[in-house]
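The values are calculated or read from the model by the stated rules, or taken from the named source; none is laboratory data. Since this is a predicted model, take the numbers as computed values, not measurements. Glycine also receives a Cβ, built like all others from the backbone with ideal geometry; neighbour counts cover every protein chain displayed. The area values use the complete protein model at the heavy-atom level, side chains included, leaving out ligands, DNA and RNA. Shrake-Rupley method; radii C 1.70, N 1.55, O 1.52, S 1.80 Å.
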Amino acid sequence: IAPLVREPLSSDAAAELAAKLKALADPVRLRLMSAVASRASGEACVCDLSVGIEVSQPTISHHLKVLRTAAGADSERRGSWVYY
């Protein structure tokens with residue numbers, strides 16, 4: 001937010017920020033981000049993220065890929081699971 005108040009956004013910066021906001025503007029993605037952020041450890045396994053979200057595992061994986069790509073969500077593979 002700090003760059004937004006120092007000077008007007010350039011066209012490129014606005015496009016980059018819009019892509020990040022668009023990635024977060026999906027209800028399932030917001031729930032996934034909330035599920036990770038609300039964990040005491042600050043991370044969650046993909047297997048835990050699917051609990052309570054009424055979409056298939058492939059759909060959750062797609063949403064997580066969008067968050068990694070556009071919004072910069074961190075992920076780490078540990079064995080056969082990926083943690084966010």
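Points to keep in mind about this one:
- Surface composition of the chain: carbon and sulfur make up 58 percent of the accessible area, probe 1.4 Å.
- 1.4 Å probe accessible area per residue over the chain, in Å²: 68
- Nearest 10 degrees, 0 to 90: helix 57-71 Cα axis against the chain principal axis: 30
- Zone of Ala19's modelled label, taken as backbone nitrogen in the range 56-74 under 18 Å from a point 7 Å along Cα→Cβ: 63-74
- Inter-label distance for Cys45 and Thr69, nm, one decimal - labels placed 7 Å from Cα along Cα-to-Cβ: 2.7
- Structure-derived Kirkwood radius over Cα pairs in Å: which label, when the choices are (1) 14.0; (2) 13.0; (3) 14.8: (1)
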